[in-house]
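Where a number appears in this text, it was derived from the coordinates with a stated rule and is not lab data. A quick note: this is a predicted structure, and the numbers were derived from the prediction, not measured. Here Cβ is always computed from backbone atoms with ideal geometry, including for glycine, and neighbour counts include all displayed protein chains.
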Amino acid sequence: MPELPEVEIIKQGLEKKIIGLKIQKIQVLSPKSFIGNPKLAMGQTVLKVWRRAKILGMDLDKVTLLFHMKMSGQLIWKGESGKGKGERFIGGHPTPDMVDKMPNPHTRVIFTFSDGSHLYFNDQRKFGWIKISDGPLQDLGPEPLEKGFTWQILKQNLLRHKSMPVKVAVMDQSVVAGVGNIYANEACFVAKIDPRRKVADLTDQEFKSLHRGVIRSLREGIKYGGSTRVHFVDPEGRKGYFLDYAKVYGKEGYPCQGCPSKVKKITIGGRGTYFCPDCQR
Ligand SMILES: [Zn+2]
């Protein structure tokens with residue numbers, strides 16, 4: 001599932017391609033994937049592309065479009081004319097067919113811009129959505145990569161879930177925005193905290209470590225191109241290989257990076273949880 005780093009990478013890629021372009025056409029192939037009347041966005045210019053938590057926003061002249069990738073959403077921009085002809089920018093849930101012909105059987109919505117370029121919203125499982133915004137976003141916690149996110153705020157928000165395992169609590173979007181399963185695993189490893197520990201049992205020192213762990217793992221995610229892993233280099237020469245650099249996520253049975261033990265996998269709250277039983281106490 002695309003998390004904060006993956007959506008941030010989509011934002012950074014798209015803003016280079018579509019700001020200043022007019023949306024000429026929106027074709028909705030799956031009505032479930034587009035909430036609201038697409039006509040309200042047609043003919044309008046893209047003024048800004050932004051991210052909040054895992055939501056991608058596109059400010060137009062009069063309305064804002066919101067995108068949520070959920071489990072299997074992906075966005076593929078394809079240049080059709082001028083300098084951008086033949087270029088492609090891809091982001092979101094990785095599948096081998098992201099680099100093939102577009103649209104494909106999983107394409108749900110197609111945007112056509114004034115320079116002829118297209119943006120394809122593909123979503124195999126159809127949990128993702130695009131919608132015309134009609135007000136403020138849901139109740140979201142602080143943005144973890146912004147200044148206002150301090151360890152004290154993280155502590156205060158986590159303490160709303162005193163009896164929850166720390167890894168489950170840190171994934172609550174009202175505690176901190178944008179941390180999902182991958183980065184919650186990584187953050188607990190960096191903080192050397194056993195993901196099963198109850199929030200109420202953490203010391204201030206551990207809240208500080210967890211705060212640092214959240215920030216560090218998200219920054220690394222962005223640095224290594226997120227978890228969108230395909231054998232493809234985008235026009236900026238970036239590859240999505242974060243999962244190669246992940247410390248514990250997906251590394252069951254591999255040696256721990258901090259000690260001679262092996263990474264273990266268990267299930268907490270229904271989600272795969274990876275940790276080192278020796279480093280994480
Ligand atoms: Zn270890």
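General observations
- Per-residue Cβ neighbour counts within 10 Å put 71, 171 in the sequence 71, 171, beginning with the fewest.
- For the chain, Cys with no neighbouring Cys Cβ under 4.7 Å: 188, 259
- Under 12 Å from the residue 48 label point (7 Å along Cα→beta-carbon), backbone N, segment 64-87: 64
- For residue 129, the shell of other residues with beta-carbons less than 10 Å away shows a net charge of +4, using +1 for Lys and Arg and -1 for Asp and Glu.
- Percent antiparallel among DSSP beta bridges (both partners in segment 4-132, rounded to 5): 95 percent
- Taking amide H atoms as placed 1.01 Å from N in the peptide plane, the amide H of residue 52 lies under 5 Å from those of 57, each 5 or more residues away in sequence or on another chain.
- Fully extending the segment from residue 70 to residue 261 would add 65.4 nm, taking 0.36 nm per residue of separation and subtracting the current Cα-Cα distance.
- Likely footprinting exposure, 274, 254, 224, fewest C-beta neighbours within 10 Å first: 254, 224, 274
- The value of relative contact order for the chain, using C-alpha pairs under 8 Å at least six residues apart, is 18 percent.
- Each label point was placed 7 Å from the Cα along the Cα-to-Cβ direction; for residue 61 and residue 196 their separation is 5.9 nm.
- Rounded to 0.05, the FRET efficiency of the residue 212 and residue 174 pair, given R0 = 30 Å and the Cβ-Cβ distance, is 0.90.
- Sparsely packed trypsin sites (Lys or Arg not before Pro) within segment 1-99, loop by DSSP, other Cβ within 10 Å at most 15: 62, 85
- Per-pair calculated FRET efficiency, R0 = 22 Å: residue 101 and residue 29 via Cβ, rounded to 0.05: 0.90
- Within the chain, longest stretch free of exposed GluC sites (Glu not before Pro) [DSSP loop, at most 16 other beta carbons within 10 Å]: 147-235
- Shown in residue order for segment 83-97 are the 3J(HN,Hα) couplings computed by the Karplus curve 6.51 cos²θ - 1.76 cosθ + 1.60 at θ = phi - 60°: 4, x, 4, x, 7, 9, 10, 10, x, x, 4, x, 9, x, 7 Hz (x for Gly and Pro).
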